[in-house]
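To keep things clear, I will list the structure first and then write my remarks on it.
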Amino acid sequence: MQTVKMVVTGPFSAGKTQFIQSVSEIDVVATERKISNDAERSVKDATTVAMDFGRITVDEDLVLYLFGTPGQKRFDFMWEILSEGMLGFIVMVDSTRPETFREARSILETFRAYAPTPFVVAANKQDKEDAWELDDMRHALRLDAKTKLLPCIATNKKQVKDVLLELLYSILAEMESGK
Amino acid sequence: MALRGNLRDFTITQLLNLINLAQKTGTLIVDGPTEQAHVSFRDGKLAYARIGKEDGGLASVLHKGNKLNANQYRTISERAGNISDKELGLLLINAGYVSQEDILLNLQTYFTDIIRRLFTWVEGFFRFEAELLAPEDRINVRLDLENLIIEGSRQLREWEQLQDEIPSLDLALKFTERPMNNLNLSVEEWRVVKFIDPKNSMKQIAATARLNDLEIRRIVYGLIQAGLVEMIRPQSAQNQNSKNYPTKDKEEQKNLINKLIGRIQKL
């Protein structure tokens with residue numbers, strides 16, 4: 001049995017767990033805990049402290065694992081461990097919370113530094129009224145024109161599939177360019 | 001209870017605030033990453049400071065402040081013998097070289113510079129010795145701590161932001177493809193730029209260029225913002241992280257990705 005993995009990362013409450021849940025064939029093995037910090041509890045009640053774990057079986061010889069990183073800063077020691085051996089990664093950003101954009105940029109930089117694999121950025125919660133436009137997010141996140149910034153609704157399976165496919169296309173393109 | 005602890009739990013700014021509010025008298029001793037600092041207070045005001053093996057004597061401070069030229073400084077160092085700073089100060093004032101105001105202003109500047117350097121220390125142990133007063137033979141000042149506390153708080157916020165932007169100094173730097181024409185870099189920036197290489201971690205660059213954590217982060221942040229460099233995993237570590245695929249064969253790797261694409265399209 002061959003296994004490969006992709007990592008879903010992003011700031012606290014960006015929608016990483018939901019993203020994996022939307023496509024995983026198993027119930028996501030989420031390691032969530034009640035939040036103790038008042039400011040963070042006002043956003044959601046529980047957060048991922050170690051990692052989420054989803055699975056997509058390709059055939060009897062190949063399985064893709066999706067790992068979600070913990071969003072809270074104090075667990076960032078896990079990022080390097082999770083980034084080892086990944087094919088690529090997805091940075092989830094909550095389009096309605098511009099206060100997290102700076103952190104998202106920082107997470108992106110850190111993962112690129114840990115492993116120079118292809119990545120895409122998913123602008124989550126694009127269905128919300130107060131979601132930022134993609135062009136504005138691209139500027140705020142300081143993404144160059146080559147970086148894929150994709151609209152996403154983590155509860156929508158079709159959109160989650162599109163994000164995963166775009167990442168795989170990037171991986172394939174990089175292979176074909178011989179990098 | 002003894003006032004002692006770790007800078008990670010209690011910052012220099014918090015310590016100054018406590019000393020100011022409690023109007024403490026005594027000496028704060030801080031064991032930093034590479035040297036030790038002594039800062040003395042009287043009734044919650046800064047009285048005296050020295051750091052490491054630096055010559056914080058009056059002649060040296062006045063020389064640094066351009067109040068004594070090199071010849072005058074050398075003559076005093078060689079021939080003044082065991083004369084105390086207080087005696088030396090009186091002699092210099094009486095001889096018309098400096099005024100009392102010059103002396104106090106230069107000492108205040110020197111002591112506050114030491115405090116500013118302490119703000120950059122994030123690792124280390126401290127203890128406050130209430131019995132240990134400023135040295136008798138040195139000139140003491142009486143400087144309010146409020147402005148220093150405000151400055152320290154600003155620096156702390158900067159430190160926290162820089163830590164967010166550059167979470168680990170174990171990462172290396174590489175130049176981006178952006179052309180570097182007509183760059184105006186400071187001396188400090190050049191000290192970092194000349195060591196930029198995917199093999200060198202930021203921690204190694206900082207050690208070689210003798211920069212502390214805050215200084216290297218501040219410089220690297222500026223270079224990243226200017227689009228000149230980007231952070232990468234050090235080359236030695238990158239090689240350990242190359243087993244992303246179950247096979248080394250490029251064609252098999254492509255087939256694997258195509259299989260994944262086919263499977264996800266069918267989900």
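What is the angle, in °, between the Cα long axis of helix B:146-165 and the longest principal axis of the Cα atoms in chain B? Nearest 10 is fine, range 0 to 90. Once rounded, one gets 20 degrees. Assign one of three labels to chain B, namely rounded, prolate or oblate, based on the Cα gyration tensor with a ≥ b ≥ c the square roots of its eigenvalues; rounded applies when a/c is under 1.5, prolate when it is not and a/b is larger than b/c, and oblate otherwise. Cα axes put chain B in the prolate bin.
With the simple spin-label model, which puts each label point 7 Å out from Cα in the Cβ direction, the A:Glu84 to B:Asp55 separation comes to 5.2 nm.
Here segment B:159-228 and segment B:122-139 have alpha carbon centers that stand 34 Å from each other.
Note on chain B: with a GNM built from Cα contacts shorter than 10 Å, the maximum mean-square fluctuation among B:Leu28, B:Leu185, B:Leu171 falls on B:Leu185. Ignoring the sites themselves, chain B has its longest run without trypsin sites (Lys or Arg not before Pro) in a DSSP loop having at most 16 other Cβ atoms within 10 Å at B:54-141.
Over 25 Å between Cα atoms, which of A:Lys125/A:Lys148; A:Lys146/B:Lys254; A:Lys5/A:Lys146; A:Lys128/A:Lys161; B:Lys64/B:Lys203; A:Lys161/B:Lys259 qualify?
Numbers: A:Lys125/A:Lys148 17 Å; A:Lys146/B:Lys254 22 Å; A:Lys5/A:Lys146 23 Å; A:Lys128/A:Lys161 20 Å; B:Lys64/B:Lys203 30 Å; A:Lys161/B:Lys259 14 Å.
Pairs exceeding 25 Å: B:Lys64/B:Lys203.
The residues packed around A:Lys125, meaning those with a beta-carbon under 11 Å from its beta-carbon, carry a net charge of -2 if Lys and Arg are +1 and Asp and Glu are -1.
Working note: Karplus 6.51/-1.76/1.60 with θ = phi - 60° gives segment A:136-153 the couplings 5, 5, 4, 5, 5, 8, 6, 8, 6, 5, 6, 6, 6, 10, 10, x, 8, 10 Hz, where Gly and Pro are set to x. Mean partner shielding of peptide B:244-250, defined as the number of other chain Cβ atoms within 10 Å of each residue Cβ, is 4.
Taking Cα atoms only, the orientation of helix B:100-119 departs from the longest principal axis of chain B by about 30 degrees. With everything on Cα atoms, drop me the angle between helix B:12-21 and the longest principal axis of chain B, reported from 0 to 90° to the nearest 10. Roughly 40 degrees, rounded to the nearest 10. Normalised by 2.2 N^0.38 Å, with N the number of residues, the alpha-carbon radius of gyration of segment B:4-153 equals 1.08. Database remark: amide H of A:Gly88 closer than 5 angstrom to the amide H of A:Val7 (H placed geometrically; neighbours at sequence offset of 5 or more, or on other chains; Pro and chain starts carry no H). Here's how it looks for B:Gly32: its modeled amide H is under 5 Å from those of B:Ala37, which are all 5 or more places away or on a different chain.
Counting only other residues whose beta carbon sits under 12 Å from that of B:Ala80, what net charge do I get with K and R as +1, D and E as -1? Let's see the in-between values first.
Details: positive: B:Arg74, B:Arg79; negative: B:Glu78, B:Asp85, B:Glu87.
Combined, the nearby Lys, Arg, Asp and Glu give -1.
Taking amide hydrogens as placed 1.01 Å from N in the peptide plane, the amide H of A:Val63 sits under 5 Å from those of A:Gln2, A:Thr3, A:Val4, A:Val58, each at least 5 positions away in sequence or on another chain.
Values quoted throughout were computed directly from the atomic coordinates according to the rules given, and no laboratory measurement underlies them. This one's a predicted model, so the numbers in the text were calculated from it and none came from an experiment. Positions of Cβ are backbone-derived with ideal geometry, glycine not excepted, and every protein chain shown enters the neighbour counts.
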